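Structure record follows, encoded as structure tokens.
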Amino acid sequence: MSTLRLLLSDSYDPWFNLAVEECIFRQMPATQRVLFLWRNTDTVVIGRAQNPWKECNTRRMEEDGVKLARRSSGGGAVFHDSGNTCFTFMAGKPEYNKSISTAIVLNALNALGVSAEASGRNDLVISTPQGDRKVSGSAYRETKDRGFHHGTLLLNADLSRLANYLNPDPKKLQAKGITSVRARVANLVELLPTITHQQVCDAVSEAFFTHYGDRVMPEVISPHAAPNLPGFAETFARQSSWEWNFGQAPAFSHLVDERFSWGGVELHFDVEKGQITRAQVFTDSLNPAPLEALAERLQGCPYRAEALRQQCESLIDSFPEQQAELRELAGWIAGAVR
């Protein structure tokens, strides 16, 4: 029986694809070598140790219906659309070796007529008249008995949208965690105008089979037929949750300030695991009582626009004379953390 396994996803949902990847990785026998090919639409994928509010324009993502997905590997933030092909190589140890999977991808590109080379820790680059351009980025994860290497290939991605979502709002955040390194990128379509996702999948699969001297039939994984993977439902629920995608952000603090007709307001939040652990308010308003009450209520509140808005509006019952100010404040706070 072959030790190879080739999986193709027909889903464009990042939470589905990352949950499949996680389940296969956890459950595969250590003797298996797996290649998983997939793609996502309208997604920003961040590394395990990243802060989405610091790395991405979360406000614009929300407006445009772009999903946030946190992966279990390290590295930086990337934008995925259907012009992006994703690959994952998995193997047990001691055989797992990311230089093998990198060589397979380079051989596949070579077979398509693209001369690329590995650069730095985790990029593949092509040389252009304007200098080297990144066409692939990777991240890695290892446990004691297995490892995986996953990455993307830029075929025909909308690079202007990439800039839209990966340039964060200038929020006043004091944040720890891994900061993305922005690289100069290019699409493979610039070298091969007719390149398609299917061609790339075929080329990478063929290079995978050639390397191991064996071939297997692909298994198509689809959300329409729930994957027969133990624990998939729970893994998908976690992968798609706010608590994982946003709430896993490293601790940070955020200062927001605004001048209103009735006074200036400055709010300081300390945030851990997506929850406000401390809130301080400073104001020159003639009636600071509702703002002081708000600072108390915000402790333990999720750092989410609607939760903050509700806390603000819930004070209207206690301070009916300040209703107009509290509604104005609620709208402003919700916008400030989006």
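The values are calculated or read from the model by the stated rules, or taken from the named source; none is laboratory data. Note that the coordinates shown come from a computational prediction; the quantities given were computed from them, not determined experimentally. Ligands, DNA and RNA are stripped out before the accessible areas are found, and what is left, the full protein with its side chains, is counted by its heavy atoms. Shrake-Rupley method; radii C 1.70, N 1.55, O 1.52, S 1.80 Å.
3J(HN,Hα) along the stretch 100-110: 5, 5, 4, 5, 4, 5, 5, 5, 5, 5, 4 Hz, from the Karplus curve 6.51 cos²θ - 1.76 cosθ + 1.60 with θ = phi - 60°, whole Hz, x for Gly and Pro. Listed values for the stretch 202-217 are Karplus-derived 3J(HN,Hα) couplings in whole Hz (6.51 cos²θ - 1.76 cosθ + 1.60, θ = phi - 60°), namely 4, 5, 5, 4, 5, 5, 5, 4, 4, 4, 8, x, 7, 9, 9, 6, and x replaces Gly and Pro.
Measuring nothing but how far apart in sequence close Cα pairs (under 8 Å, 6+ apart) lie, relative to its length, the stretch 25-146 scores a relative contact order of 28 percent. Mean projected area of the Cα convex hull of the chain, taken over all directions, amounts to 19.5 nm². With N the number of residues in the stretch 248-296, Rg(Cα) / (2.2 N^0.38 Å) evaluates to 1.26. Kirkwood analysis of the Cα pair distances in the stretch 1-90 returns a hydrodynamic radius of 14.1 Å. Percent of accessible area on the stretch 229-338 owned by carbon and sulfur, 1.4 Å probe? Solvent-exposed carbon and sulfur of the stretch 229-338 make up 50 percent of the total. Taken over the Cα atoms of the stretch 256-338, the convex hull encloses 74 Å³ per residue.
At a threshold of 8 angstrom on Cα-Cα distance, excluding pairs fewer than six apart, so keeping six or more, what relative contact order does the stretch 240-305 reach in percent? Intermediate results must be reported in sequence, preceding the final value.
Details: 107 pairs, mean separation 17.7, N = 66.
About 27 percent, as a whole number.
Lys pairs in the chain, Cα-Cα under 14 Å, at least 8 apart or on separate chains: how many?
5
Using just the C-alpha positions of the stretch 32-166 as equal point scatterers, what log10 of I(q)/I(0) does the Debye formula give at each q in 0.16 1/Å? For the stretch 32-166, the Cα-only Debye profile gives -0.87.
So which residue, out of ARG297, ARG59, ARG259, gets the largest mean-square fluctuation from a GNM of the chain using Cα contacts under 10 Å as springs? Taking springs between Cα atoms under 10 Å, the residue moving most is ARG259.
Residues whose amide H comes within less than 5 Å of that of LEU4, counting only those at least five positions distant or on another chain, are ARG33 (H built at 1.01 Å from N in the peptide plane).
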